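The values are calculated or read from the model by the stated rules, or taken from the named source; none is laboratory data. This structure is a prediction, so every number in the text was calculated from the model and none was measured. Note: ideal-geometry Cβ built from the backbone for every residue, glycine included; neighbour counts use all protein chains shown.
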Amino acid sequence: MRIAQIAPLQVAVPPHGYGGTERVVYELTEALVQLGHEVTLFASGDSHTSARLVATLERAINFDPVMDATAYHIGMLEDVYGDAERFDVIHSHLDYLTLPFARRSATPTVLTLHGDLTTLNAQRAYPRYPTANYVSISNAQRASLPDLRYVATIHHGVDVASFPFVAEPGEYLAFVGRMSPEKRPDVAIEIALRAGIPLKLAAKVDHHEMPYFDGVIRPLLNHPLIEWLGEVDEAAKRDLMAHALALLMPIGWHEPFGMVFIEALACGTPVLTCPTGAAPELLEDGVTGYSSMDKETLVAAARNVSRISRRGCRAYALQRFDTRVMAAKYLHVYQQALGNERLLLPWARELPVADLDDIIDANEANGAYDAHHH
């Protein structure tokens with residue numbers, strides 16, 4: 001199948017640091033190429049991919065306020081749809097900017113909704129295009145726009161075998177993500193201090209988040225149990241999560257997915273969080289970690305998180321969130337968009353639990369990770 005993937009231009013594919021959507025685009029593109037499909041990736045020129053790369057600009061915008069990202073994205077969409085006949089299906093990750101182009105194209109478009117659908121922009125734009133092929137990233141995401149024409153919910157995936165697995169972790173908790181109030185790093189610090197367990201925070205601080213960081217978080221960083229790492233690259237992030245007792249993310253908003261959850265599980269690291277947004281859909285209390293809105297419950301969970309099976313967390317991620325699972329589901333959606341609902345691949349079903357230990361052992365034997373040599 002000839003597939004166009006359209007990525008945002010804010011950061012490179014894959015991102016060097018923060019960039020959830022771009023990492024999903026990378027994982028999906030690589031999986032589709034490995035499955036033998038002819039994929040063209042439209043992205044910034046500093047991207048790296050096994051697919052054919054078409055670069056709209058030399059380097060990613062990286063949220064430079066001087067550059068008008070919307071103008072660049074519209075220019076890229078014009079390029080894609082001007083060549084639409086070259087593709088069997090176009091898969092866009094540019095949200096509602098795609099919709100006017102898709103409606104006028106004979107080549108079917110699949111549009112993954114990566115963002116928060118509660119925003120006024122989303123509420124205004126999406127309902128005006130009722131026949132688009134919308135893919136939600138969680139069922140929870142649909143709540144604020146339940147009447148859109150969703151063709152599927154497809155959870156994000158990662159290449160689980162590429163993540164380090166550590167059977168015997170260190171003695172710290174990890175917070176990984178944006179330094180924003182809705183992620184509640186202040187609550188993470190409070191829980192860690194009450195539990196008496198060190199906490200390492202690896203987070204990006206945008207310019208608009210600096211007042212919150214300076215006013216609320218910075219004064220909390222002087223405690224000897226709290227270590228501020230700032231923004232780290234992908235390798236350091238994976239190493240940090242893999243060696244952590246648990247990922248501590250007491251989120252306080254209706255998050256539509258949460259990539260860091262499945263990345264932690266891919267490392268075998270349990271997740272401590274709150275049952276809000278997509279979290280209850282992605283995680284299983286007592287299996288992948290613990291979830292509660294009550295701080296005292298999370299304090300107790302942090303002290304007892306070693307009871308969670310790390311191999312079980314890794315197996316859970318492999319079964320539900322591996323890139324092969326994600327790619328198979330998208331191929332099914334592409335076929336639906338083309339009017340052919342035949343499922344392409346016999347292994348599109350989620351992997352049977354009985355096979356997981358053998359797969360994990362094989363990954364480790366092939367050098368995916370060996371904790372003793374780290």
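Search the stretch 186-221 for residues being touching a helix residue (DSSP H, G or I) at 6+ places or on another chain (Cβ under 7 Å), assigned to a helix (DSSP H, G or I) and without any contact (Cβ under 8 Å) to a residue 60 or more places away in the chain, and hand back the single one that is nearest to GLU296 (Cα to Cα). Going through the qualifying residues, I end up with ILE189. Tell me which residues, restricted to the stretch 285-313, are in contact (Cβ under 8 Å) with a residue 24 or more places away in the chain and over 12 Å from ILE191 (Cα atoms). The answer is VAL287, THR288, GLY289, VAL305, SER306, ILE308, ARG310, ARG311, GLY312, CYS313. Can you name every residue in the stretch 42-68 that is among the small types (Gly, Ala, Ser) and within 17 Å of SER92 (Cα to Cα)? Of everything in the stretch 42-68, those that are among the small types (Gly, Ala, Ser) and within 17 Å of SER92 (Cα to Cα) turn out to be ALA43, SER44, SER47, ALA51, ALA55. Is it true that THR49 is among the polar types (S, T, N, Q), surrounded by 15 or more Cβ atoms within 10 Å (Cβ to Cβ) and assigned by TED's automatic domain parsing to the domain that holds ALA102? Answer is yes for this residue. Exactly one residue out of GLY215, GLY258, GLY268, GLY230 is surrounded by fewer than 17 Cβ atoms within 10 Å (Cβ to Cβ), assigned by TED's automatic domain parsing to the domain that holds ALA302, more than 20 Å from ASN62 (Cβ to Cβ) and not charged (D, E, K, R): that is GLY215.
Please enumerate the residues belonging to the stretch 80-90 that are more than 16 Å from ASN340 (Cβ to Cβ), touching a Ser or Thr at 6+ places or on another chain (Cβ under 7 Å) and crowded, with 17+ Cβ neighbours inside 10 Å.
At the first step, the residues of the stretch 80-90 found to be more than 16 Å from ASN340 (Cβ to Cβ) are 80-86, 90.
Filter once more, so that each one left must be touching a Ser or Thr at 6+ places or on another chain (Cβ under 7 Å): 81, 84-85, 90.
TYR81, ALA84, ILE90, listed by residue number.
Please return the ranges of strands (runs of 3 or more DSSP E) entirely within the stretch 1-96 where 3 or more residues are touching a strand residue (DSSP E or B) at 6+ places or on another chain (Cβ under 8 Å), within 16 Å of ALA327 (Cα to Cα) and modelled with pLDDT of 95 or more.
Details: elements: 2-6, 38-43, 52-55, 89-92.
Hits in the stretch 1-96: 2-6, 38-43, 89-92.
Among residues belonging to the stretch 120-142 that are in a helix (DSSP H, G or I) and in contact (Cβ under 8 Å) with a residue 40 or more places away in the chain, point out the one that is surrounded by the most Cβ atoms within 10 Å (Cβ to Cβ). First the steps, then the outcome.
To start, the set of residues in the stretch 120-142 that are in a helix (DSSP H, G or I) comprises 120-128, 140-142.
Retained after the next criterion (residues that are in contact (Cβ under 8 Å) with a residue 40 or more places away in the chain): 140-141.
Numbers: ALA140: 20, GLN141: 24.
Selected residue: GLN141.
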